[in-house]
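Since the structure comes first, as structure tokens, the remarks are kept for the end.
The values are calculated or read from the model by the stated rules, or taken from the named source; none is laboratory data. Everything numeric here is computed off the predicted structure, so don't read it as measured data. When we count neighbours, we look across all protein chains shown, and the Cβ atoms used for this are built from the backbone with ideal geometry, even at glycine.
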């Protein structure tokens, strides 16, 4: 079965600083990979996804993520964080061809300080 | 864009009562919807797959008699928490795929259940 690990439970960055959120997955075949963002009391919004092709994917709100098969990682990055980026971020993996049933990581809560 | 709507957003009920949560796809049809549960400061756990016109498929450990799922139409799935207890208090989120070819899910905003 697939699994997702987000090693950082909580990250604090200064506004304007760069950000990298880590995600490692475990799955035997080529996975479908996602990053979602959840604001307090809200549902999830898709930031970006990777299925195949270019391993560097661009998402909304200036986020990008890079798929590294050798490291089983799909880290999320943003060059300059804005205060509005404070939220919880979830990495998720889905079965190839079965993207609908995804497994989520435990999330990383991002705090942005002025 | 595709929207999944949940109602109610917040619900408080007394222990022993039943609560129904609705999940609607507003501008697309969904033969399949998914129900997740999120405990405070934890990730989302898939509870069940709701199938239009047939029985829901429950994940291991989820009590199907406790969490009744009905997918009566292509735009509506309901989750009923029966005989709710305080430990059922949680954030329930549904999702559906507006375009299977796009291979992504759209999530509702969630429904927070508090059982007193």
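General observations
- Among residues of segment A:17-43 being part of a loop (DSSP other than H, G, I, E, B), modelled with pLDDT of 90 or more and surrounded by 14 or more Cβ atoms within 10 Å (Cβ to Cβ), the one that is nearest to the other protein chains (Cβ to nearest Cβ) is A:23.
- Scanning segment A:90-114 for residues that are modelled with pLDDT of 95 or more and either over 15 Å from the mean Cα position of the chain (by Cα) or away from every other protein chain (no Cβ under 11 Å) (or both) yields a count of 4.
- Test: residue in segment A:54-68 that is within 11 Å of another protein chain (Cβ to nearest Cβ) and in contact with a strand residue (DSSP E or B) (Cβ under 9 Å, 6 or more places away or on another chain): no
- Criterion violated by residue B:32 - all others in (1) exposed (fewer than 15 other Cβ atoms within 10 Å of the Cβ); (2) closer than 30 Å to residue A:5 by Cα satisfied: (1)
- Considering A:57, A:93, the condition of being more than 23 Å from residue A:9 (Cβ to Cβ) and in a strand (DSSP E or B) is satisfied by A:57 alone.
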